[in-house]
Each structure stands twice: as structure tokens, then as C-alpha cells.
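Q: Quick one: this structure, given as C-alpha cells, is what I'll be asking you about.
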Amino acid sequence: MGKNAISFRDVRKVYPDGTTAVDDLNLDVPVGSLTVFVGPSGCGKTTSLRMINRMVEPTSGQIQVNGQDVTSVPEAALRRSMGYVMQASGLMPHRTVLENISTVPRLLGESKRDSKRRAEELLETIGLDRSLGSRYPAQLSGGQQQRVGVARALAADPPILLMDEPFSAVDPVVRADLQNELLDLKQRLNKTIVFVTHDMDEAVLLGDRVAVFATGGRLAQYATPEEVLREPADQFVSDFVGRDRGFRALSFDSRDIPLSGVLTLDPQGRVAELGTPTMGSGGSGGSRGSTAAHQTGPSAAVANGWTLEVDAAGAPVGWIPPSGGEPAGGQVTHRVGGSLYRPGGSLRQALDAALSSPSGLAVAVDERGRLRGVLRPQEIMTAIEAARESRS
Ligand SMILES: Nc1ncnc2c1ncn2[C@@H]1O[C@H](COP(=O)(O)OP(=O)(O)OP(=O)(O)O)[C@@H](O)[C@H]1O
């Protein structure tokens, strides 16, 4: 990483009524990182975030963006270089989705046609169908509105994204989806992201680094999520992280665990091995194997003879138990339930998928629900152990 996108130098913010919102903040946000500001309500997270784009001015100290004092950059240029996403999506109710997304590019002089085309592309980038572009915000679900809020923030292609509790108003399932999407986006778009939340699990899942803010606007710890969990800097952090901080390690994301292959049976009755060993974040999860039956490579052995039936699109349908050495000899007896996971998701989701699966294997799918490979619970534990060792 090396360079810093954002630096706080001895920053204080005292509001006119005498409230000290931020107290002597020193912190560097590396270029391309996702840094999470986390802490209980009222400890200065939002104030700190808003000082970056000068929605709030510090009382003293300096904030630098790419090494430049933000007060020396014209406000309009500064804001243009940063997308801003807030808790309520903040969409304009009387403008369509496409118009909302195109607002900033239009203000910057982009033609109507170009900005519309880009807005449509952005809809896809954030996982929404283009057909939603002509709707009004009230015609979208809360989760969809938040996605549009993210698309709007990305519209001018800013190198920095500021996100203030963007997912806190949606239900937990949608929230998990949005979190996965953000991790994907981060990989693809290489932005510097500052993300505010009061949820430690969210901070652990998303953050490359986590800044834990304490009451009175004090920065209590700034470290990787692993370090914060393993060695809380003080009593405040320890209390905030909670007693069950061992379990919080399950909030780490699972994308680096290598997936294994598994025997599949497609609707034409062909048996293949899908998912040659591959890293969780890579491509399409391995090649679709040849159609030769009984192709039992070493990785297929992880399934202990269980075969996964898939539909024509490659989405898992159900498990067929082993039957006398004939991998695909049986019928689906266990339909694949809701407990699948996406490799960008948390270790908790992966572990849940494994423990709830009749074969004992977690089934990993891509964003379209197609099979990418499988994972054993032991591999999840090994990943947690490896993360611990590499950082101790
Ligand atoms: N405009 C304001 N005038 C006076 N005090 C303010 C103002 N905005 C925020 N504060 C106070 O400053 C402190 C920090 O507020 P801030 O919104 O930055 O905290 P936060 O950690 O983001 O909280 P939350 O999670 O509830 O959003 C709080 O005590 C708050 O009441």
C-alpha cells in the first residue's frame, strides 16, 4: 500500500455548544484500503468522516487528502473526488433511479446520453437490473435504495468513497448481501473506502483496518481486525469488542480459503467434477469438468462419495448420498437448503453452510447462485488458525 489517501493530524472538533466530538485524532488511511470507523453512538465517527470532505470543519489540526491539506482544495473539487453514501440513501424522490445516479456527472457537464449509459452500467455493477432505472426511489426496497445510493456515489468515479452507516437500516439478510457486494466492489474498483458503523461484526468483516472510537471522540485503537480482537488496546476496546470476541473471529471473510472440487450430476445425467482446487476469490470457481463419468480426482474425494446435483445453469439442487461406490447412482435425498455461502461472505456463513449440510460440506456459490466448489469445516478452522498465527 505505502501511500496514504487520507491523513488526520492532531485533529480536534469542538462544536459551538462546547461538545468535544473528536479529540486529537491522528490516523492514516492507506490508498486502496477499506478503513472502518467503529464505536458506540456519539463518539465522533460521523464528525470525523464529514471532516474529510469538509461537510464539517475541524476546530484545529489538519486533514490531508493525497498529501494535500483539504482546506487548500476548492470544496467542489474536493467533494467531486469523494463519493458519499449515507444511512438513508438520500435519493431524490421525484427523480428516477437513472436520474438520481446521473446527477453529479450531469453537473460536471457530461451529456445526457453518456451519463445515462454510465448510470445503467453502474446499476449492473452494484447488482441491480437495468430495468429498475426508470423507477422512482419509493418503488424500490430499502436494500435496492441503498444500492442505488452506492451507484450514485460511484457515478463520478471518485477515488475515495465515504460511507456513513450505509447498511444499518436494512434487514440482516439484505445487509449481508450488501456487505458481500461491497467487498466485491472493493476488489474490482480499487477505491479507498472509509466506512462508519457501530457494529463490530460489520467492522471485522469489511475492514482492512479498524479504528475504534471511544466516548469523548478519542481514538482508542487503530489496527487490523485480528489485532483488535486478539489484543484490545484498553478496557474500553475490550468491553466494546465484547466477551465473545473469539466468536467474532468468525466474522472474517472467507474469500481466501481454497475451495475443493465435488462430483456433480447435471440434468442430462452427466457426472463431472466441478471446482478444481481454487482460491475462493478467483474467477468462476474452476472449470466445468469433462463429461466422463466417475472422474474421481483427489479433490473429489473430499465429498466421501456424495454427489451434488446441479441444474442446467450450474446451481446446486440437492445432495445424492454415496451408494456402493457409484458416485451418481442414487437419487437426490437431501435438497440443498438456504444455507449456501458466497466466498466473499463471513467465515460464520461458511461454517453454518458446512454444519447444516448433509454431506458435511459447505456449498459455495457465485453471485448468480452457480456452484463454485465446496469447503470442509476443518478448512475453515485452519483458516482462522492461520490468520492468527500469521499475525502473532
Ligand atoms: N452539529 C452538532 N452540534 C453540536 N454537537 C454535535 C453536532 N453534531 C454532533 N454533535 C455531538 O458530537 C458528538 C459526536 O457526534 P457524531 O455524530 O460524530 O458521533 P457518532 O459516533 O457518529 O454517533 P452515531 O453513531 O450516533 O452517529 C456527539 O456527542 C454529538 O451529540
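Rule-based calculations on the coordinates, nothing more; no lab input. Please read these numbers as outputs of a predicted model, since none were measured by experiment. Note that we place each Cβ from the backbone using ideal geometry, even for glycine, and neighbour counts take in every protein chain shown.
Q: Return P(r) of segment 111-227 (all Cα-Cα pairs; 10 Å bins starting at 0; whole %; ordered from short to long distances).
A: Per 10 Å bin, starting at zero, the Cα-Cα P(r) for segment 111-227 comes out as 12, 41, 32, 12, 4 percent.
Q: I've got another one for you. Provide the packing ranking of 64-72, 30-38, 165-173, 115-123, i.e. peptides ordered by the mean count of other C-beta atoms within 10 Å per residue, highest first.
A: Top to bottom by mean Cβ count within 10 Å: 30-38, 115-123, 165-173, 64-72.
Q: As a quick test, which of the pairs LYS3/LYS186; LYS45/LYS186; LYS3/LYS112; LYS3/LYS116; LYS3/LYS45 have an alpha carbon distance above 27 angstrom in this structure?
A: Beyond 27 Å between Cα atoms: LYS3/LYS112; LYS3/LYS116.
Q: Same structure, new question: Quick check of the Kirkwood formula: for segment 4-251, what is the inverse mean of 1/r over all pairs of different Cα atoms, in Å?
A: Answer for segment 4-251: a Kirkwood hydrodynamic radius of 18.6 Å.
Q: Efficiency by 1/(1 + (r/R0)^6): what FRET value for ASN190 and THR382, r their Cβ-Cβ distance, R0 = 30 Å, to the nearest 0.05?
A: E(calc), rounded to 0.05, equals 0.55.
Q: What is the sum of charges around PRO105, taking Lys and Arg as +1, Asp and Glu as -1, for the other residues whose C-beta is under 15 Å from the C-beta of PRO105?
A: That works out to +4.
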